[in-house]
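One structure is given below, encoded as structure tokens.
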Amino acid sequence: MELFTDRSLDSDRIQILGTVNYSAPSNIALVKYWGKKGRQLPQNPSLSLTLSQSRTFTSLYFQGRSYLKELPNIEFEFFEEVSSSFSDKTMSFLKDLTSNELPYLKYFDLKIASRNNFPHSSGIASSASSMAALAMGLRELHLSLFPELKTYELYEGQIASYLSRLGSGSACRSIQGPFCQWGLEDSGTGNDTYAVKLTDIHEEFDDVRDSILIIDSKKKSVSSTTGHSLMNDHPYSLKRYNRARTHLTELKRGLASGDWDRFIEIVEAEALELHALMMCSQPSYILMSPNTLRAIELIREFRGRTKLRLCFTLDAGANVHLLYAGQDEKAVGEFIKAQLISLCEDGWVIHDTAGTGARAEVETLL
Ligand code: DP6
């Protein structure tokens, strides 16, 4: 990507300082990224719904100096909701960028402050939102140093999506929304190095809601990173990558034509397939809990009875994402209260909606 290569800076240009503030939301994959290759590239294209309420807020302070250090000088300030393992992950992310895309970081002192507005203990992955928010700040620093790149940037967010992918794969889909594709299709559409926003979306999907049923807020017993690596020698990996490709093409068709039946069929198949892959990895593992299965059963029963447009999906954990059309909010809300809330830890449900991605914030955390 020419946005990053062979760019040297004279010491005058490095003498900049500033603080930039961004927030980015979490996203939920409808066609899952599960299996990677090379430098954080996906084995198959994925498609996600960007959320709106569940966000990470990040302030990045940068100050250029005339001498270089082996690594950027970084200070972190995390508010209690942000996990401490995030600082390790962020540190290795920034080291990687310093050795590759952003070598000038060696000339910078950086301060990063971050907070989530959803509880760290909720079981909702925060790596996507946090890496996306940080990448937006790094993008701004990059464009301050190389303003000439603004005219080359194909669309708002391409640089940030590319950078955030290197922090956590799914993060590259949190820059824009409400629907994003990451990964190249056989037809040549899409890109493995950054996500693109889907534009051909029928008005049926204008107002998709996601009520997240917190079935279990504990840390997962097997991390996503381990799960991805277990796909390398997985007996069904090739079959899986092909099915994900087919699902992606079909889901895009469904989104474009307003076909909820197709949407429901593919989204639920993807969720169950992800967990089936975990169950036949070597070693095998199970992240669903009895209440996950009970919720799935109740959601299917309710749909059969009411014919409402709703379905479930799962990420790599026990929590259930209940997706539905905004118009049915009242009926689905009553269903959640009557039947699903008792399956959730302390009756915990987070109601979120489809969103448009990362944004600049006025308030600073530094
Ligand atoms: C099941 O993006 O968290 O949520 O790239 O190792 O940081 P790393 O993994 P991560 O994996 C997400 C897996 C998933 C599916 C998805 O979001 O597409």
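The values are calculated or read from the model by the stated rules, or taken from the named source; none is laboratory data. The structure presented is a predicted model; accordingly, all values stated were derived computationally and were not measured. Every residue, glycine among them, receives a Cβ derived from its backbone with ideal geometry; neighbour counts consider all protein chains shown. Note: accessible area is taken over every heavy atom of the protein model, side chains too, but ligands, DNA and RNA are not part of it. Shrake-Rupley method; radii C 1.70, N 1.55, O 1.52, S 1.80 Å.
Mind scanning 219/307; 37/197; 220/337; 220/330 and naming the pairs with a C-alpha gap bigger than 28 Å? Result: 219/307; 220/330 exceed 28 Å. Working note: Cα gyration tensor of region 231-286, eigenvalues times five, square-rooted, sorted largest first, giving semi-axes of 26, 12, 5 Å. Label positions at residue 2 and residue 253, each projected 7 Å from the Cα along the C-beta direction, are separated by 3.7 nm.
Note on the chain: dipole from Cβ charges, positive end direction compared against 281, 45, 105; the farthest Cα belongs to 281.
Summed over all non-identical Cα pairs, the Kirkwood treatment of region 129-207 gives a radius of 13.2 Å. Across the chain, the mean sequence separation of Cα contacts (distance under 8 Å, 6 or more residues apart), normalised by length, yields a relative contact order of 24 percent. Using Cβ point charges alone (K and R +1, D and E -1), the dipole size of region 291-366 about the Cα centre works out to roughly 500 debye.
Each of 291, 63, 208 was scored by the projection of its Cα onto the charge dipole of the chain, and the greatest displacement toward the positive side belongs to 291; charges sit on the C-beta of Lys, Arg, Asp and Glu. Tell me the label-point distance for the pair residue 185, residue 242, using the 7 Å Cα-to-Cβ offset, in nm and rounded to one decimal. Placing both labels 7 Å beyond Cα along the Cβ direction yields 1.9 nm.
The helix-based estimate of mean residue ellipticity at 222 nm for the chain, built from -39,500 (n - 2.57) per DSSP H run of four or more residues and divided by its residue count, is -10500 deg cm²/dmol to the nearest 500. Within the chain, the longest run free of exposed loop sites, counting trypsin sites (Lys or Arg not before Pro) that sit outside DSSP helix and strand states (H, G, I, E, B) and have at most 15 other Cβ atoms within 10 Å, spans 70-217. For the chain, what value does the Rg/Rh ratio take when both radii are computed over Cα atoms and Rh is the Kirkwood radius, given to two decimals? My calculation of the ratio gives 0.98. Heavy-atom accessible area for residue 348, with the other protein chains in place and a 1.4 Å probe, reaches approximately 70 Å². If you restrict to DSSP beta bridges whose two residues both lie in the chain, what percentage is antiparallel, to the nearest 5? Looking only at bridges with both residues in the chain, the antiparallel portion is about 90 percent.
Only the Cβ atoms of Lys and Arg (+1) and of Asp and Glu (-1) were treated as charged; on that basis the dipole of the chain about its Cα centre amounts to roughly 660 debye.
Taken over region 180-239, the ratio of Cα radius of gyration to 2.2 N^0.38 Å equals 1.61. Per residue, the accessible area of region 322-365 comes to 54 Å² when a 1.4 Å probe rolls over the protein heavy atoms.
Taking the C-alpha atoms only, the angle from helix 158-167 to the longest principal axis of the chain is near 80 degrees. If one computes the Cα centroid of region 201-273 and of region 1-65, what distance in Å separates the two points? Taking the Cα centre of region 1-65 as reference, the centre of region 201-273 is 23 Å away. The slack in the chain from residue 10 to residue 207, taken as 0.36 nm per residue of separation less the alpha-carbon distance, amounts to 66.1 nm.
For a paramagnetic label modelled on residue 276 (point 7 Å from Cα along Cα→Cβ), amide N atoms under 15 Å away belong, within region 294-338, to 314.
Across region 268-343, Cα-Cα pairs more than 14 Å apart make up 62 percent of the total.
For the chain, the longest principal axis of the C-alpha atoms and the axis of helix 290-306 are separated by about 60°. Restricting region 178-227 to GluC sites (Glu not before Pro) that sit in a DSSP loop and have at most 16 other Cβ atoms within 10 Å of their own Cβ leaves 185.
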